[in-house]
Amino acid sequence: MVADVPDLRQIEAYCAVMTSGSMTGGARLLGRSQSMITRLIQDLEISLGFALFHRNGPRITATDQGIRFHREAQVLLGTVNRLQENARAIARNAESSLLVAGTFALAAGLYPRAIGRLPGALLPGTLHVQSASAQEVIHMVARKEANLGIVSFPFNNLGVELAWIGEADCVMALSAHDELAACETIDIASLSGRRILTMADPFRIRSRIERALAQSNVIPAGITDSNMAIILFRLACEGLGVAILDPVTARSHKDPGIVIRPLNVRIPYFFSVVTPGGVASSAGINELTSLLRQEAQAMLPDVRFHDGDSTILPDGEPEGTDPMLRPLDT
């Protein structure tokens, strides 16, 4: 054993202080004395070789190194908690706990539907469902913190295995009172002079949306962007613009004040179920992988599936690249 490995009590005290913002608050969260928490933090700093907090009398603020270390400490505590959960499950001869992660749209749109159909015998006593950015989900799965992830492209898939790849078309969300709501299919050229609601990240589907607009010579009246598609959905519902969204967000949230319409060009949205590389999946994970595919098919009638073991996406596009726009079939 390495002598300077941090004590779990120190890690727990540190995370409590980071959460509460003070030694007193951390002590209150853990039901311990402030002096004990202060000593545990000091011992942890000695063990690590760097300061976790700047101290100004009773006030403390996290150092840059302390902020970076917080993520690692949370991962360690999460791993320990899951170890305890799984030990209890093994003692009862029950299913081990599961942690599944996904981008917000997919975690909120597909996971509940699939998990709701998971047979009781395969449903663990403790199930963790987390949302994060695509690359963070990949990191969680690659590091075996998560048992399964569902993410949208592009992403660096090093260290994970792709169970399957889904491809569906982005759609338009607009107020039911908008004159375009009467159209069965929205001509993208008709969006000139409109405020466009779109995703903030320029390296994901926004780049495809902007290319589609440029190819159709669409000049928007303005742009509103957000890091979450559900916010764009709500803005569209209030008549604050027209949103071009991933189809999962659009199909999984219902509101009588909004309508969803296809566009006359295909703006592809790729997503995939991933599992840790080199690890055999449990029966529960295999079943959940299958159910996610079934629910994607039910939610997105036009979805196209591709083999997860292929290194090439549809139309010869390498994984993680931005597929070319294609006219809608007529």
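The values are calculated or read from the model by the stated rules, or taken from the named source; none is laboratory data. Values in this document were obtained by computation on a predicted structure and should not be read as measured data. Cβ sites come from the backbone with ideal geometry, for glycine too, and all protein chains shown count toward neighbours. Surface accessibility is based on the protein's heavy atoms, side chains included, excluding ligands, DNA and RNA. Shrake-Rupley method; radii C 1.70, N 1.55, O 1.52, S 1.80 Å.
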Cut-off 14 Å, label 7 Å out along Cα→Cβ of S133, residues of the stretch 191-206 by amide N
200-205
Can you give the helix-only mean residue ellipticity at 222 nm for the chain, where every DSSP H stretch with n ≥ 4 adds -39500 (n - 2.57) and the sum goes over all residues, rounded to the nearest 500 deg cm²/dmol?
-12000 deg cm²/dmol
At 7 Å along the Cα-to-beta-carbon direction for both N156 and L77, put a label point, then send me their distance in nm to one decimal.
2.8 nm
Probe radius 1.4 Å, ligands and nucleic acids ignored: give me the carbon and sulfur share of the accessible area of the chain as a rounded percent.
53 percent
Indicate the gyration tensor shape class of the chain (rounded, prolate or oblate), computed on the Cα atoms with a ≥ b ≥ c the square roots of the eigenvalues: a/c under 1.5 is rounded; otherwise a/b larger than b/c is prolate and the rest oblate.
prolate
Could you give the dipole magnitude of the stretch 215-277 about its Cα centre, charging the beta-carbon of Lys and Arg +1 and that of Asp and Glu -1, in debye to the nearest 20?
200 debye
Sorted by average packing, counted as other Cβ atoms within 10 angstrom per residue and highest first, what order do 6-13, 70-77 take?
6-13, 70-77
Of the candidates L213, S190, A173, the farthest towards the positive dipole end of the stretch 169-227 (Lys/Arg Cβ +1, Asp/Glu Cβ -1, centred on the Cα centre) is L213
Debye, to nearest 20: dipole size of the chain, +1 on Lys, Arg Cβ, -1 on Asp, Glu Cβ
1040 debye
On C-alpha positions alone, give me the angle between the axis of helix 8-20 and the longest principal axis of the chain, in degrees, nearest 10.
50 degrees
Specify the angular offset, from 0 to 90 degrees and rounded to the nearest 10, of the alpha carbon long axis of helix 64-91 from the longest principal axis of the alpha carbons in the chain.
90 degrees
Could you give the angle, 0 to 90 degrees to the nearest 10, between helix 283-299's Cα long axis and the longest principal axis of the Cα atoms of the chain?
30 degrees
Per residue accessible area in Å² of the chain, where ligands, DNA and RNA are left out and the probe is 1.4 Å:
49 Å²
